[in-house]
Amino acid sequence: MAHQAAPGANTRLFHPGYEGHSQISARTLGFWLYMLSDALLFTALFAAYAVLDTPMNAAGGPIASQIVNPVEGFWQTIIILASVTSYSLATVAMKNGNRSGTMLGIVVALVLGAAFVAFGFNDLASLAAQGNGMDRSGYLSAYFVLILTHALHMIFGALWMLVMLVQIPRYGFNEMVVARLLNLRMFWQFQATVWVCVYIYVYMIGA
Amino acid sequence: MAGSHSDPLAHPEVRMGGALRYIAGFISTVALMGAALIVTMRHDMAYQSYVELVGGLAFLALLSQAVLYYGLDISKAQIWKSVSLILTVPLFIITVGLTVWMFQSLDHRTMLITTTFQQPTLLQ
């Protein structure tokens, strides 16, 4: 049995240069735990939405059935899932060491993600133009905050993709780039997971 | 957790990716959401039954994503992600469930007007 020093004041939980660690595993698990806490943020927003989703909280303004269209939401669902699939296929290209295939998959995911966000902002802008902005009622505040929080996550993911499109040709598939690409895959997939919940709860049950 | 790898592309989390799995994830999630959309557009179910059916389809879609996209399983490379998710899911349910339950109680005890409601929601 190998000798193990007793834990003490000088014990280090993690050492970047230690051969026994897998940097990629440590980074992806850490990012996964961040995502679970991010999911709790969305859980709080869903709880607020559930509470405010009554005609009384609409204060005379529109309720869910008057502002959401399940068919339009379905197209958005297909777009975001296609974007996630494209990014996932990019990581398959990465597995094969194919830089151009990886970058192509990321670019397609980026374009589809931009289309998804554009759809969402168009809906919100139309509502606001009709006088139904987020300050119109408690219900609309919850609706706007839920949709905008998701959109902000998407925009951050898109910016991250742009950074990776620079880092892949510059550094190649080194340990850090691979860990970042894997974390971004989880993050991008997480947006589709949240959207499925938004679509089911807001666009379908509310319709 | 997996051990150290000199080639990052040999890491288990890189090797687990597969085109067929991701395409299966896309098809299954779209199919489940399509089924939920059809049920929604038909408008021929009682509200409670409708919520249970659509909720069940959503659960299957999320399960499909967890297995096919995230690749969660009980392998050495994924076990701690799976465990942490299983431990966190009750927090999601408690957060939403308790909030809705508390405000439902509050709503029933303090609000007088209920006849103008046009459609049921989780609070009612």
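The values are calculated or read from the model by the stated rules, or taken from the named source; none is laboratory data. Quick caveat: nothing in here was measured; it's all calculated off a predicted structure. Note: ideal-geometry Cβ built from the backbone for every residue, glycine included; neighbour counts use all protein chains shown. Just so you know, the surface numbers come from the protein's heavy atoms only, side chains and all, with ligands and any DNA or RNA stripped out. Shrake-Rupley method; radii C 1.70, N 1.55, O 1.52, S 1.80 Å.
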message = Normalised radius of gyration for the protein assembly as shown, please: alpha carbon Rg relative to 2.2 N^0.38 Å, two decimal places.
response = 1.10
inquiry  = Residues of the stretch A:166-184 with the amide nitrogen closer than 13 Å to a label point 7 Å from the Cα of A:Tyr34, along Cα-to-Cβ, please.
reply    = A:179-184
inquiry  = What distance in nm separates the two pseudo spin-label positions at A:Gln167 and B:Arg42, each 7 Å out from Cα along the beta-carbon direction?
reply    = 4.8
task = Find the relative contact order for chain A and round it to a whole percent, using C-alpha pairs within less than 8 Å whose residues are 6+ positions apart.
result = 32
ask   = Across the residues of A:186-196, average count of Cβ atoms on other protein chains within 10 Å?
value = 4
query = Given a 1.4 Å probe and no ligands, DNA or RNA in the count, how much accessible surface is buried by B and A, both sides, to the nearest 100 Å²?
reply = 5100
inquiry  = What does the structure give for B:49-55 when I average, per residue, the other chain Cβ atoms found within 10 Å of the residue Cβ?
reply    = 2
query = Using r as the Cβ-Cβ distance of B:Ile74 and A:Asn122, and R0 as 30 Å, what FRET efficiency do you calculate, to the nearest 0.05?
reply = 0.10
request  = Of the options B:Thr110, B:Gly71, A:Leu41, report the single residue whose Cα projects farthest towards the positive end of the charge dipole of the protein assembly as shown (beta-carbon charges: Lys, Arg +1; Asp, Glu -1).
outcome  = B:Gly71
ask   = Label point 7 Å out from A:Trp75 along Cα-to-Cβ: which residues of the stretch A:140-158 have amide N under 20 Å?
value = A:147-148, A:151
C-alpha long axis of helix A:23-52 to longest principal axis of chain A, angle in ° = 10
query = Percentage of Cα-Cα pair distances in the stretch B:17-70 greater than 19 Å, rounded to whole percent?
reply = 33
R0 of 45 Å, Cβ-Cβ distance B:Asp107-B:Val83: FRET efficiency to nearest 0.05 = 0.75
ask   = Taking the mean number of other Cβ atoms within 10 Å as a proxy for protection, how do you rank A:53-59, A:155-161 from highest to lowest?
value = A:53-59, A:155-161
note = A correct Stokes-Einstein calculation for the stretch A:40-204, using the alpha-carbon Kirkwood radius, 37 °C and 0.692 mPa s, returns a whole-number D in µm² s⁻¹ of 194
task = Between A:Val107 and B:Asp7, take the C-beta separation as r, use R0 = 22 Å, and let me know the FRET efficiency to the nearest 0.05.
result = 0.30
query = If you take the Cα atoms of the stretch A:80-129, find Rg, then find the Kirkwood Rh from the mean of 1/r over all pairs, what is Rg/Rh?
reply = 1.23
inquiry  = What number comes out for accessible area per residue over the protein assembly as shown if the probe is 1.4 Å? Units Å², please.
reply    = 48
